[in-house]
1. Mind giving me the nanometre distance, one decimal, between the label points for S35 and F57, set 7 Å out from Cα along Cα→Cβ?
2. Once you've got the GNM for the chain with C-alpha springs shorter than 10 Å, pick whichever of M73, M36, M49 has the biggest mean-square fluctuation.
3. For K45, list long-range residues whose amide hydrogen, built 1.01 Å from N in the peptide plane, is under 5 Å from its own amide hydrogen.
4. Using the crude model of +1 on Lys and Arg Cβ and -1 on Asp and Glu Cβ, and no other charge, please compute the dipole size for region 70-112 relative to its Cα centre, in debye to 20.
5. Please list, ordered by chain and number, the residues whose modelled amide H lies under 5 Å from the amide H of L61; skip anything fewer than 5 residues away on the same chain.
6. Can you pull the percent of the chain's accessible area that's carbon plus sulfur, 1.4 Å probe, other chains left in place?
7. Could you point to the label whose value was computed as log10 I(q)/I(0) by the Debye sum over Cα atoms at q = 0.12, 0.14, 0.20 Å⁻¹ for the structure here, given (i) -0.60, -0.75, -1.25; (ii) -0.51, -0.70, -1.44; (iii) -0.55, -0.76, -1.70?
8. Given H placed on each backbone N at 1.01 Å, which residues far from I79 in sequence or on other chains put an amide H within less than 5 Å of it?
Amino acid sequence: RCQVVVALDPAAAFEKFRPDVARWWPREYTYAGESMEDLFLEGRKGGVMWERGPEGFRCDLARVMRWMPPEKMILRWHISPSHRPEPDPLNASEVEIRFVADGNGGTRIELEHRGFSNHGTGAEEYCTRMGSETGWPFILKRFAEHCGGDQSATAKPTLRTVATVH
């Protein structure tokens, strides 16, 4: 679990998260890296988060299981502990992203990655890695930086991480 606070209301944060994903998602967390052409998150139940690289290469990263703007989205995460695509839904984990008003006009984005045990071998290490400062906290920090132009000078991103295997 981790979270970040941005100085946008929940609807604005939710809307900036999805269509801008290719602008803020760390390229080092994609398959194509610097040659990535697009990263897209389809905003609907059954939609796909996919990456497109050179020569039409496409890799599906996640499937949208629940789409409830501006409150939350739940993704079935199809990336294995070895960073390879995992097409079998039974071997995928789940990522829930909630957009919660913080009472000060901003939004606390709460992310919980669960079901690591579905990945089998390497699940515990994968959970630890994604809960570390180089995992989801790093990814959410990039989103907060993307929202930087909308943040007030006193609103700084805050991160809290608790790694758990479910």
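The values are calculated or read from the model by the stated rules, or taken from the named source; none is laboratory data. Only a predicted model underlies this, so the values are computations on that prediction, with no experimental measurement involved. Cβ placement follows ideal geometry from the backbone for every residue including glycine, while neighbour counts extend to all protein chains displayed. When the accessible area is computed, the model is the full protein with side chains, heavy atoms only, and any ligands, DNA or RNA have been set aside. Shrake-Rupley method; radii C 1.70, N 1.55, O 1.52, S 1.80 Å.
1. A separation of 0.5 nm, rounded to one decimal place.
2. M36
3. The answer is W67.
4. On the way: 5 positive and 8 negative charges, 20 e Å.
Charge dipole of region 70-112: 100 debye, to the nearest 20.
5. Amide H neighbours of L61: M49, W50, E51.
6. Values: 4150 of 8200 Å².
Looking at the chain in its full context, I get 51 percent from C and S.
7. Evaluating log10 I(q)/I(0) by the Debye sum over Cα atoms at q = 0.12, 0.14, 0.20 Å⁻¹ on these atoms matches (ii).
8. Amide H to amide H, under 5 Å and 5 or more residues apart or across chains, I79 pairs with E86, S93.
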